[in-house]
Amino acid sequence: MDSLLYLGGLVVIFLLWIKVKGLDYVIIHQRWIFVCLFLLPLSVIFDVYYYVRAWLIFKMCSAPKLHDQRVRDIQRQVREWRKEGGKTYMCTGRPGWLTVSLRVGKYKKTHKNIMINMMDILEVDTKRQVVRVEPLANMGQVTALLNSIGWTLPVLPELDDLTVGGLVMGTGIESSSHIYGLFQHICVAFELVLADGSLVRCTEEENSDLFHAVPWSCGTLGFLVAAEIKIVPAKPWVKLRYEPVKGLENICKRFSEASENKDNTFVEGIQYTRDTAVIMTGTMTDHAEPDKINRIGLHFKPWFFKHVESYLKGDYNGIEYIPLRHYYHRHTRSIFWELQDIIPFGNNPVFRWLFGWMVPPKISLLKLTQGETIRRLYEQHHVVQDMLVPMKHLQAAITRFHEDIDVYPLWLCPFLLPPGRGMVHPKGQEEELYVDIGAYGEPKVKHFEAKASTRQLEKFVRDVHGFQMLYADVYMDREEFWEMFDGQLYHRLREELGCKEAFPEVYNKICKSARH
C-alpha cells in the first residue's frame, strides 16, 4: 500500500511538473527518458539483427550471381507497373523511417513501391582501384571490409547507416572532400533500371549525360542497382593537429589556407561561437607516437566535439594519433552534437562508462517513434541544415547563420567542386573550393521561425551560388529551387527517358512547398 502511495505521489509530482514547464518543453527537452529506457536498447537489438543478417547473407549467398537475379526482379516489377497502366508514380519500397533523412516520405503510401533488397558488396578490384556495391550497402559495411584489406573510400561520409544509394542520389561529404570532391565525384559508374524496365550502365564515357544527371536526383531518373566507387590505399593511423583560432576573419583565413593545402589529407573546423573555432588538419600515417595515441571511438571516451573544445578552452595546439576507423566515425557516437539535446547528460563520465556502448540511438528509430507532435515541435525549435557555399563567401555566410539562427557549434567542411553538367556545379567552368556549413541544434535567436528563417538562409545561399543539401527541410518555391540548381540536363533526360510519368520531379519529392 505504501509503495502505491509513493508511486501515486511521484505521478502527481510529474504531472504538476509538466503543467508548470508545459508539454512542449517536456517533449523537446526531456525526450531522454524515452530514448534511454526504450530506444537505446532497441538500437542495440537493431544493430545485432542487421549484423547477423549481413553475416548470414555473406556466408550463405553468392552475391554476384544473386545480384543479376535481383536486378531482373526489379525489371519485372517495373514492367508489371507499365502493364497495369502506370497509374501512380514509382518509388523504392524501403520504409521512409529507415532513411537517415529527417523527412518521413508520405509518398511511400501513395506511390507504387518497387522492392529493392540489394545490400551486398559485389566486388573489390584493387587493380582498377574500385569497389562495386549494391545501393543498400552502407558505409559501416563497406569500410569494415575495405579497411580489413588495406583500402578505404577517398570520401567516407560519417554515419555508418548512410547507404551508397542515398549518397549517390543525394550527396555525401567528408573532411577529405577538399581533395576529392563530394561522394558523387568518387563514383566511376552507375547501373540503373529505367522507367521502361531496361538496364543501363553509365560512366563518363558511356551514357555520359545520365552519369552527370543522377547525383542529387533523389531517385527520379531510375532505380540505382549498382555503383562503382574509387578506393585508395589506407593507413592505420590519422595524425591529427588541433589549432584553436579566434576572430571571425582569422578563422575564415586560416580555414581557407588549410583547405587549399593538398598536403592535408583531412581538413575540418568546428566553430563554437562566431569568433572562436578549432581547425583540424590530418594526414594518414603508418606509425603513431605511443604517448599521443587517442582511441576516440571507445565508448567511454568524451564526445569528440567536447574533446576538441578542450583545445579551445586551454588555448593550445595539439597533435594526436587516432585509429583510422575511429577518425572516420569521430562524430557518430554523439551524432555530431545532436545527442546533447536528446540526452543532456550523455557526455557525463558515469553515463559514458556504464551506457556509452549503447550510444547513439538509431536515427531511423528516433524518426519512427517521434510521432507527428514531436516532429512538428522539432521543426519549430530545432535546425538541421547543411548549406554549401563558395569558400570566398565563408565569412559572410557565418555572419548570416549567426544573425538568422544563432546555432553553435557549426561544422565546417571544405570540398572541391569541379565543373559539370549536372544539378550542382560552380558558376564558371573552373573548379572551385566550397565549404559545407552544418547547423544542427536549437536556435538561440528570439525571432526564429522555421519557415521564415530557413528561407532567409536559402536566399543568401542562392545569391552566392551555393546549394542546400536535400535531406533537410527545404522551403523554396519551384522557381527558387531551379534558380539554385541547374535543371537543364535533368529535365531533358526526364523527357527523353519517360520519367515524367514514372517518377515525381525532384522538387515535388523533397520540397515542403510542393507537399503542403
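How many of the residues making up the stretch 164-184 are modelled with pLDDT of 95 or more, open to solvent by 20 Å² or more (accessible area, probe 1.4 Å) and closer than 16 Å to residue 226 by Cα? Result for the stretch 164-184: 1. Of the residues 343, 296, 319, the single one that is modelled with pLDDT of 85 or more and surrounded by 18 or more Cβ atoms within 10 Å (Cβ to Cβ) is 296.
In the stretch 275-307, how many are part of a helix (DSSP H, G or I), of a type in the set (D, E, K, R) and closer than 19 Å to residue 347 by Cβ? Full working, then the answer.
In the first step, residues of the stretch 275-307 are kept if they are part of a helix (DSSP H, G or I); the result is 290-292, 304-307.
The next check asks that each one be of a type in the set (D, E, K, R); those that pass are 291-292, 306.
If we keep only those that are closer than 19 Å to residue 347 by Cβ too, we end up with 306.
So the count comes out to 1.
Among the residues of the stretch 249-274, those identified as in a helix (DSSP H, G or I) and open to solvent by 20 Å² or more (accessible area, probe 1.4 Å) are 249, 250, 253, 254, 256, 257, 260.
Which is closer than 23 Å to residue 173 by Cα and in contact with a Lys or Arg (Cβ under 6 Å, 6 or more places away or on another chain), of 281, 265?
Values: 265 fails: in contact with a Lys or Arg (Cβ under 6 Å, 6 or more places away or on another chain).
Unique residue meeting the criteria: 281.
Among residues of the stretch 305-328 that are among the charged types (D, E, K, R), those with a Cβ under 7 angstrom from a residue that is at pLDDT 95 or above and not in a loop (DSSP other than H, G, I, E, B), sequence gap 6+ or separate chain, pair up as 309/272; 315/244; 320/240; 320/292. Here the condition is being farther than 23 Å from residue 314 by Cα and of a type outside the set (Ser, Thr, Tyr); of 252, 202, it holds for 202 alone.
Considering only the stretch 125-142, state which residues are outside any loop (DSSP other than H, G, I, E, B), of a type outside the set (D, E, K, R) and under 15 Å from residue 186 (Cα atoms). I'd like the intermediate steps shown before the answer.
Taking the stretch 125-142 and keeping what is outside any loop (DSSP other than H, G, I, E, B), we get 125, 130-133, 138-142.
Now narrow it down to the ones that are of a type outside the set (D, E, K, R): 130-131, 133, 138-142.
130, 131, 133, 139, 142 - these are the residues of the stretch 125-142 that are outside any loop (DSSP other than H, G, I, E, B), of a type outside the set (D, E, K, R) and under 15 Å from residue 186 (Cα atoms).
Of all residues in the stretch 181-209, those that are in a loop (DSSP other than H, G, I, E, B) and free of Cβ contacts under 8 Å to residues at least 40 places away in the same chain total 5.
Say whether the condition of being on the phi > 0 side of the Ramachandran plot and out of contact with any helix residue (DSSP H, G or I) (no Cβ under 8 Å at 6 or more places or on another chain) is met by at least one residue in the stretch 461-479. Lay out the reasoning, then the answer.
So the first thing to find is which residues in the stretch 461-479 are on the phi > 0 side of the Ramachandran plot, and the list is 465.
If we keep only those that are out of contact with any helix residue (DSSP H, G or I) (no Cβ under 8 Å at 6 or more places or on another chain) as well, we get 465.
Looking through the stretch 461-479, at least one residue is on the phi > 0 side of the Ramachandran plot and out of contact with any helix residue (DSSP H, G or I) (no Cβ under 8 Å at 6 or more places or on another chain).
Exactly one residue among 155, 214 is in contact with a Phe, Trp or Tyr (Cβ under 7 Å, 6 or more places away or on another chain), closer than 26 Å to residue 321 by Cα, among the β-branched types (Val, Ile, Thr) and buried (at least 22 other Cβ atoms within 10 Å of the Cβ), and that residue is 155.
Restricting attention to the stretch 305-329 and to residues that are under 17 Å from residue 235 (Cα atoms) and not hydroxyl-bearing (Ser, Thr, Tyr), the residue that is farthest from the chain's Cα centre (by Cα) turns out to be 320.
Residue-wise test of (1) modelled with pLDDT under 90; (2) hydrophobic (A, V, I, L, M, F, W, C); (3) more than 26 Å from residue 415 (Cβ to Cβ).
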| residue | (1), (2), (3) |
| --- | --- |
| 475 | no, no, no |
| 478 | no, no, yes |
| 486 | no, no, no |
| 499 | no, yes, yes |
| 506 | no, yes, no |
| 513 | yes, no, yes |
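Against the test of being touching a residue at least 12 places away in the same chain (Cβ under 8 Å), part of a loop (DSSP other than H, G, I, E, B) and buried (at least 20 other Cβ atoms within 10 Å of the Cβ), the options 435, 407, 445 yield a single qualifying residue, 407.
The values are calculated or read from the model by the stated rules, or taken from the named source; none is laboratory data. No experiment lies behind these values; they were computed from the predicted model shown. Cβ: placed from backbone, ideal geometry, glycine included. Neighbour counts: every protein chain shown. Each accessible area value is taken on the protein alone, full model and side chains, heavy atoms only, with ligands, DNA and RNA left out. Shrake-Rupley method; radii C 1.70, N 1.55, O 1.52, S 1.80 Å.
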